[in-house]
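Visitor: Take a look at the following structure, please.
The values are calculated or read from the model by the stated rules, or taken from the named source; none is laboratory data. Note that the structure is predicted; figures quoted are calculated from it, not measured. Glycine gets a Cβ as well: all are built from the backbone with ideal geometry, and neighbour counts include every protein chain shown.
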């Protein structure tokens with residue numbers, strides 16, 4: 001008989017403290033994430049509104065896969081809000097016959113303050129292609145790898161998984 005562990009936490013506003021858009025918080029984020037970000041990208045907030053962790057079997061984990069989806073983009077003056085879903089899938093079995101062992105899913109949004117030119121590029125890319133400009137997307141991905149990896153570590157530990165920590169910095173390029 002398979003035993004399934006499942007945990008869902010939803011943000012009710014009590015547990016998750018909203019990050020204020022103050023100059024102080026912007027300086028803190030800039031210094032924390034400067035090792036992951038290579039531009040004047042200015043994070044003003046990260047809001048996690050749902051986390052989910054499930055373990056479907058006790059099989060040994062042989063592989064982890066990471067996936068980040070940009071679900072929506074909203075622009076308000078010089079603020080850009082990118083809604084995301086971060087998923088770590090855990091697999092067991094072997095390469096020819098992988099087995100789904102479980103996953104960690106984190107949903108939320110990243111808010112950044114951008115200049116007028118960047119906002120126009122972001123709005124155009126999202127409207128026309130449902131993508132983000134490479135440099136902006138790369139910065140968001142690296143931020144989410146760090147932030148969701150750190151938050152996901154507690155979830156992973158709770159259900160007996162290894163931490164969902166992508167160890168390399170993402171570097172995006174135009175496809176040819």
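Visitor: On the given criteria, is residue 167 surrounded by 13 or more Cβ atoms within 10 Å (Cβ to Cβ) and either modelled with pLDDT under 90 or closer than 27 Å to residue 51 by Cα (or both)?
Guide: Taking the combined requirement at face value, the residue does not satisfy it.
Visitor: Please go through the range 42-78 and pick out each residue that is exposed (fewer than 15 other Cβ atoms within 10 Å of the Cβ) and closer than 14 Å to residue 152 by Cα.
Guide: Result: 50, 65, 67.
Visitor: A further question follows. Pull out all pairs, ordered by first then second residue, where Cβ-Cβ is under 6 Å, the residues are six or more apart or on different chains, the first lies in the range 81-100 and is within 11 Å of residue 63 (Cβ to Cβ), and the second is at pLDDT below 90 and in a strand (DSSP E or B).
Guide: Between residues of the range 81-100 that are within 11 Å of residue 63 (Cβ to Cβ) and residues that are at pLDDT below 90 and in a strand (DSSP E or B), the close pairs are 91/98; 99/93.
Visitor: Could you check, for the range 149-159, whether at least one of its residues is in contact with a helix residue (DSSP H, G or I) (Cβ under 6 Å, 6 or more places away or on another chain) and either touching a residue at least 24 places away in the same chain (Cβ under 8 Å) or surrounded by fewer than 21 Cβ atoms within 10 Å (Cβ to Cβ) (or both)?
Guide: Checking the range 149-159: not a single residue is in contact with a helix residue (DSSP H, G or I) (Cβ under 6 Å, 6 or more places away or on another chain) and either touching a residue at least 24 places away in the same chain (Cβ under 8 Å) or surrounded by fewer than 21 Cβ atoms within 10 Å (Cβ to Cβ) (or both).
Visitor: Okay, moving on. Does residue 128 satisfy being on the phi < 0 side of the Ramachandran plot and crowded, with 16+ Cβ neighbours inside 10 Å?
Guide: no
Visitor: Does any residue of the range 15-35 turn out to be in a loop (DSSP other than H, G, I, E, B), under 24 Å from residue 143 (Cα atoms) and modelled with pLDDT of 50 or more?
Guide: Within the range 15-35, none of the residues are in a loop (DSSP other than H, G, I, E, B), under 24 Å from residue 143 (Cα atoms) and modelled with pLDDT of 50 or more.
Visitor: Which numbered condition trips up residue 117, out of (1) surrounded by fewer than 13 Cβ atoms within 10 Å (Cβ to Cβ); (2) farther than 17 Å from residue 147 by Cβ; (3) touching a strand residue (DSSP E or B) at 6+ places or on another chain (Cβ under 8 Å); (4) at pLDDT 90 or above?
Guide: (3)
Visitor: Hey, among 86, 136, which residue is under 19 Å from residue 171 (Cα atoms), buried (at least 20 other Cβ atoms within 10 Å of the Cβ), modelled with pLDDT of 95 or more and in contact with a helix residue (DSSP H, G or I) (Cβ under 9 Å, 6 or more places away or on another chain)?
Guide: 86
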